[in-house]
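Below: the structure, in structure tokens.
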């Protein structure tokens, strides 16, 4: 799945397959709550990638079901409990596979885009 540019904001919205990879990668740096994950992805992409909360939370629940993430409620400094997500050992293994698949896909797309002339059959 690929990112789509949103004409209203000139930012890129993410589709499901890409979002899983970005969530896993973001949590390499430590546990975060859902809103923090969305903000980290946006910030790390220089505000080009938007993570819609309507897509993020189903993705987080799916990744927990797959045992790639673990979730636990924790109190924040403001005294408000929030659910924090962390990468599991299985999630770290999956991240390596997902990154490899993404790089291979990007290389293949790059090859197609770099062709100066299309061959016609």
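Every number here is computed from the coordinates shown, using simple stated rules; none is lab data. Small disclaimer: the values here were computed from a predicted structure and weren't measured. Because the Cβ atoms are built from the backbone with ideal geometry, glycine has one as well, and the counts that use them run over all protein chains shown.
What's the exposure ranking of 23, 112, going from fewest to most Cβ atoms within 10 Å?
Arranged by neighbour count, lowest to highest, 23, 112 become 112, 23.
Take 21, 63 and order them by how many other Cβ atoms sit within 10 Å, fewest up front.
If I rank by nearby Cβ atoms, fewest first, I get 21, 63.
I need 19, 90, 24 ordered by Cβ neighbour count within 10 Å, fewest first.
So the residues, fewest neighbours to most, are 90, 24, 19.
Starting from the Kirkwood radius over alpha-carbon pairs of region 36-95, derive D by Stokes-Einstein at 20 °C in a medium of 1.002 mPa s and give it in µm² s⁻¹.
Taking Rh from Cα pairs, D becomes 169 µm²/s.
Calculate the spin-label point distance for residue 66 paired with residue 52, positioning each point 7 Å from the Cα along the beta-carbon direction, and give it in nanometres.
Inter-label distance under the simple model: 2.0 nm.
Let me know the shape class of region 4-114, please: from the alpha-carbon gyration tensor, a ≥ b ≥ c as square roots of the eigenvalues, rounded when a/c is under 1.5, otherwise prolate if a/b is greater than b/c, or oblate.
In terms of gyration-tensor shape, oblate.
Please list 99-106, 80-87 highest first by mean number of surrounding beta-carbon atoms within 10 Å per residue.
The packing order, highest mean first, is 80-87, 99-106.
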